[in-house]
Amino acid sequence: MPELFIAPDGRARCHWCAATPGYQAYHDHEWGFPVADDRRLFEKLSLEGFQSGLSWLTILNKRENFRAAFAGFDFGAVARFTEEDVLRLLGDAGIVRHRGKIEAVIHNAQRALEMVEREGSLAAFFWRHAPAPAQVAGPAGPTGPVSQTDESRALSRELKKRGWKFVGPTTVYSFMQAMGLVNDHAPGCAVRDEVEQARRSFRRP
């Protein structure tokens with residue numbers, strides 16, 4: 001599978017973002033840029049859990065609905081969700097109505113509060129698991145060949161040990177790619193250097 005495609009604006013981009021303009025916007029402005037905001041980190045890990053068995057495009061198209069349904073992914077608020085909220089979410093056609101995944105987000109919100117108390121922030125914990133630049137794997141987008149790494153397996157194990165759910169090594173690696181813990185834009189992608197520059201200037205929490 002080719003790593004690049006030439007978009008209508010003449011710029012080369014990772015092949016996986018060719019599907020829709022929304023996918024391309026996500027690729028150009030979000031995917032791979034480093035994130036230290038706890039709410040965004042929690043949101044992305046939650047949405048990766050919902051993606052399991054589905055495409056990221058499906059989740060991306062429903063993202064605003066997910067945000068509305070889960071209190072903007074304020075994990076302090078989500079941690080207080082009750083069975084009544086679960087039933088409300090199961091009736092929400094704008095999201096993926098899967099009881100196990102919905103309950104996992106609520107459960108993980110409670111674990112996130114514990115992590116903040118223990119680590120200071122989610123960002124401090126997650127960025128501690130970012131690989132050294134020399135150890136970063138080759139390029140791989142949501143449909144690329146690399147689906148997990150030693151670092152994602154280690155992070156997955158640690159999260160599971162702390163009680164988190166729907167955090168397998170493939171899910172975790174997709175999270176690491178998206179949140180900038182690795183730069184998996186393909187060589188020659190117009191955004192790769194922008195991401196790398198952002199990563200160099202990023203101060204790890």
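Just so it is clear, none of the values below were taken in a lab; they were calculated from the coordinates. Since the model is a prediction, treat every value here as computed from it, not as a measurement. Backbone-built Cβ (ideal geometry, glycine too); neighbour counts: all protein chains shown.
In what sequence, highest mean first, do 151-160, 58-67 appear when ranked by Cβ atoms within 10 angstrom?
By packing density, highest mean first, the sequence is 151-160, 58-67.
Working out 0.36 nm times the residue gap between Arg153 and His129, then minus their Cα-Cα distance, what length gain in nm do you get to one decimal?
Separation in residues times 0.36 nm, less the Cα-Cα distance, equals 7.6 nm.
Would you be so kind as to identify which of Trp16, Trp127, Val96 lies farthest towards the positive end of the dipole of the chain, taking Lys and Arg as +1 and Asp and Glu as -1 on Cβ and the Cα centre as origin?
Trp127
List, in order, the whole-Hz ³J(HN,Hα) value for each residue of the range 84-100 obtained from phi through the Karplus relation with A = 6.51, B = -1.76, C = 1.60 and θ = phi - 60°; use x for Gly and Pro.
4, 5, 4, 5, 4, 5, 5, x, 8, 6, x, 10, 7, 8, 10, 4, x
How do Tyr173, Tyr23 line up, fewest other C-beta atoms within 10 Å first?
Values: Tyr173 25, Tyr23 20.
Listed from fewest to most nearby Cβ atoms, that is Tyr23, Tyr173.
So how many Lys-Lys pairs in the chain land under 19 Å Cα to Cα, not counting same-chain pairs under 8 apart?
Step by step, the pairs that qualify in the chain add up to 8.
In percent, how large is the relative contact order of the chain, given Cα pairs closer than 8 Å and 6 or more residues apart?
Averaging sequence separation for qualifying contacts and normalising by length gives 31 percent for the chain.
Using the Cα centre as the reference, give the magnitude of the dipole from point charges on the C-beta atoms of the range 1-134 (Lys, Arg: +1; Asp, Glu: -1; all else neutral), rounded to the nearest 20 debye. Walk me through the intermediate numbers first.
Working: 16 positive and 18 negative charges, 40 e Å.
Using only the charged Cβ atoms, the result is roughly 200 debye.
Taking R0 as 25 Å, what FRET efficiency do you get between Ser55 and Lys160 from their Cβ-Cβ distance, rounded to the nearest 0.05?
Efficiency for this residue pair is about 0.50.
When the helix-only estimate is applied to the chain (DSSP H runs of n ≥ 4, each -39,500 (n - 2.57), divided by the residue count), what is the mean residue ellipticity at 222 nm, nearest 500 deg cm²/dmol?
About -15000 deg cm²/dmol.
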